[in-house]
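Visitor: Dumping the structure here so I can ask a few things about it.
The values are calculated or read from the model by the stated rules, or taken from the named source; none is laboratory data. Because the structure is predicted, anything quoted here is derived from the model rather than measured. Please note: Cβ atoms are built from the backbone with ideal geometry, for glycine as well, and neighbour counts cover all protein chains shown.
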Amino acid sequence: MKISHLAALLLGSAMVPALATAQPVRLDPITLTTDGTGPAEIAVSEEQLEDARTGTLEDVFRAEPSVTVGGGIAITERVFVNGIDEQQLAVSVDGAAQNNRMFHHTGTNIIDPLLLKAARVDPGVAPADAGFGALAGSIAYETKSALDLLEPGDDFGGQATTGYATNGDTATGALAVYGRQGPVDALAYAKRATGDAYEDGDGDAVPYTGADMNSYALKLGAQMGDWRAELGALSFKDDALRPYRANLGGVIGGPPTPETRRYRIDQNSQTLILRRIAADGLLDPELRIAKTESKVDTFDLATAETPDPDFNTGVADTVSIVAQNRFRLEGVELTAGVDNARSRGLYDGVFRGIPSTFREDRTNTGVFVQARGSRGPVDFSTGLRYDWNRFTGAGGQELDTDGASFNAAATWHATDALALNAGYSTVFGGTQLAGVYEFTDSYQLPDAYDALDPTRARNIVMGAEWTAGGTTLGAELFRSSIDNVRKVVASAIVDRDLESEGFRLSARQDWTGGFAALRYSDADVTLDGESASSFDLRELGTVPGAMLTLEARHEVMAGLTLGGVVQHAIEEETEASDTDSDWPSYTVVDVFAEYQPAAYRNVTLRAEVNNLFDRAYVDRASYGGDFTEVVGQQEPGRSIALTAVMRF
């Protein structure tokens, strides 16, 4: 480790003893949990979500090195879990299955952190009720409702959030109003973020990276006797000029391309949930009906030479229904149900002057059962799924497959201080849809899909955790192998075998008023048993290598909290046969101060400095760092941000 990197880490560590001697105010860390009992489950804390309120998913997961987020702007962010792309995971928002098959130069699921109530990641081993396609785990996001925001005894409330960041002159404004009347409650939310292109750590403007985002939400709830119905709608829109390849700074050599084109991103979801809230242990049913749609349009700019330029439209949508019931018997919770999802990938546009339209469809029906409980010193979770998968190709080709999935996980509390855990899963993935910009004429040939076999994953996790007083130490090993993942090579559809293996270490110290947590993750991702480039791993994974983070926060006095996160990427040597550049190391320090005045408990003020030392770097999870001809998308340099939240 270079001296400069070590110094930055020690600077973050030096905060800990000084803060620990401040006024003793107890601040217990809050961890949001759900039904998961996975051995490696990662639940984003309430404080981490609040820290990211005016940021993006990169800010939500920045303290967790095994969950990396690449892309310098919101529309290009992609989430990787242990180096595996989220397209290989089951992703849900409020229980609605997401269709992740988007353009590889953009992100797949764009979530507004200010709306989040909880975010949970099950790396590798995911439960059967996480949904179909949890090949390398699952990600579950849950958004807030009026009942989550209303103060006790209040029937109406609101929250206004304003923020400003100096780098890019980015301004953010959000307003939420919520209330309840009798059995009915409602939440309405809108957010707008605008800004100019930001500067990197070298002081150079990164063209076409200015914020231009709109986020909306409407959630309605009604209680009818023992039942509750919830209707939710979420929308995210971004429409602006972006780099021609939105997640890159450019490519040296190769066919010439314009500097920019217009990207229009539109993601929407609607969810209806009906559940019984007066559970009696045997009858606790839930019905979820949802539609999610992600649409990305790109428009080349007209010139004198090309007055009718190319345009591309890609749509990935899913309509899903889940019917399940929870049984509680002698300390064991059993969830059993059936789900059905119809997913589509559609391309329509003009590319290189040639118009074309392609479409693929997939319908999956599954039955599942998942048990969770405890027996003596052992907590356990185990489940089964069986899925029937029907796929229709771009030329009308049909592939019908079916298969079983199994998962099992257990934590043995060997002593009051020591817990050992392990988990295993084998997951059926059926036939995968293409990315919506991936289609070619060859997909219409009768034998285009003959090389595809059903996708099958196997995951294993083993770990240990030791807790004594305020100290917690953890270690885990993981391995995820996905056979027959879909990939395009020279316009032909082929099967590849993807694997990620590595380990994660963590150490946390809690004290009166705060905590510090050190986390380390090292993942090695291979394709067909060999090292792969970021080009080969598009839509499959990334090359994260070793990542280290330090998170600390402390309430130095009533209402005043200081903290920050240090991220350190360790240099990674390229090993793929077609690459020519190593992944450089970097260290980024973010610090903040948050104040809630005693006389104005409804007001929260926050000041933060992101990238404190103004480092110039490309995030380790961003594309292209292993090619000298690829100009990676630089992350923002130093930025001072101010945020104010007022509740009324």
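Visitor: For region 119-166, enumerate the residues that are surrounded by fewer than 22 Cβ atoms within 10 Å (Cβ to Cβ), in contact with a Ser or Thr (Cβ under 7 Å, 6 or more places away or on another chain) and not in a strand (DSSP E or B).
Guide: Within region 119-166, Thr166 is the sole residue that qualifies.
Visitor: For region 405-418, check the following and say yes or no: at least one residue is of a type in the set (A, V, I, L, M, F, W, C), under 22 Å from Val369 (Cβ atoms), buried (at least 22 other Cβ atoms within 10 Å of the Cβ) and modelled with pLDDT of 95 or more.
Guide: Checked against the condition, which is being of a type in the set (A, V, I, L, M, F, W, C), under 22 Å from Val369 (Cβ atoms), buried (at least 22 other Cβ atoms within 10 Å of the Cβ) and modelled with pLDDT of 95 or more, region 405-418 yields at least one hit.
Visitor: Among the numbered conditions (1) closer than 29 Å to Arg615 by Cα; (2) touching a Lys or Arg at 6+ places or on another chain (Cβ under 6 Å); (3) of a type outside the set (Phe, Trp, Tyr); (4) surrounded by fewer than 16 Cβ atoms within 10 Å (Cβ to Cβ), tell me where Asp226 comes up short.
Guide: It fails just one condition, (1).
Visitor: Take the residues in region 608-648 that are surrounded by 23 or more Cβ atoms within 10 Å (Cβ to Cβ) and acidic (Asp, Glu), then tell me which one is modelled with the highest pLDDT.
Guide: Selected residue: Glu635.
Visitor: Out of the residues in region 383-404 meeting the condition of being in a strand (DSSP E or B) and hydrophobic (A, V, I, L, M, F, W, C), tell me which one is surrounded by the most Cβ atoms within 10 Å (Cβ to Cβ).
Guide: The selected residue is Phe391.
Visitor: Restricting to region 185-213, give me the number of residues that are of a type in the set (Gly, Ala, Ser) and assigned to a strand (DSSP E or B).
Guide: Qualifying residue count for the region: 5.
Visitor: Failed condition for Val121, given (1) β-branched (Val, Ile, Thr); (2) at pLDDT below 95; (3) within 21 Å of Met547 (Cα to Cα), with all others met?
Guide: Tallying (1) β-branched (Val, Ile, Thr); (2) at pLDDT below 95; (3) within 21 Å of Met547 (Cα to Cα), Val121 fails exactly one: (2).
Visitor: Which residue is nearest to the chain's Cα centre (by Cα), if the candidates are limited to region 461-517 and must be acidic (Asp, Glu) and within 20 Å of Ala417 (Cα to Cα)?
Guide: For region 461-517, the residue satisfying everything is Glu476.
Visitor: Which residue out of Leu473, Leu452 is in a strand (DSSP E or B) and either of a type in the set (A, V, I, L, M) or in contact (Cβ under 8 Å) with a residue 24 or more places away in the chain (or both)?
Guide: Within the list Leu473, Leu452, the selection yields Leu473.
Visitor: I'd like to check something: does region 369-377 contain any residue that is closer than 21 Å to Asn99 by Cβ, of a type outside the set (Val, Ile, Thr), touching a strand residue (DSSP E or B) at 6+ places or on another chain (Cβ under 7 Å) and assigned to a strand (DSSP E or B)?
Guide: no
Visitor: May I pose another question? For Ala599, work out the one condition from (1) surrounded by fewer than 16 Cβ atoms within 10 Å (Cβ to Cβ); (2) closer than 30 Å to Gln87 by Cα it doesn't fulfil.
Guide: With (1) surrounded by fewer than 16 Cβ atoms within 10 Å (Cβ to Cβ); (2) closer than 30 Å to Gln87 by Cα applied to Ala599, the lone miss is (2).
Visitor: Could you list, in sequence order, the residues of region 196-224 that are touching a strand residue (DSSP E or B) at 6+ places or on another chain (Cβ under 8 Å) and either hydrophobic (A, V, I, L, M, F, W, C) or without any contact (Cβ under 8 Å) to a residue 24 or more places away in the chain (or both)?
Guide: Answer for region 196-224, where residues must be touching a strand residue (DSSP E or B) at 6+ places or on another chain (Cβ under 8 Å) and either hydrophobic (A, V, I, L, M, F, W, C) or without any contact (Cβ under 8 Å) to a residue 24 or more places away in the chain (or both): Ala197, Ala205, Val206, Ala211, Met213, Ala217, Leu218, Leu220, Ala222.
Visitor: Where residues in region 333-368 are of a type in the set (D, E, K, R) and farther than 22 Å from Asn99 by Cα, which of them is surrounded by the fewest Cβ atoms within 10 Å (Cβ to Cβ)?
Guide: Filtering first and then ranking leaves Arg352.
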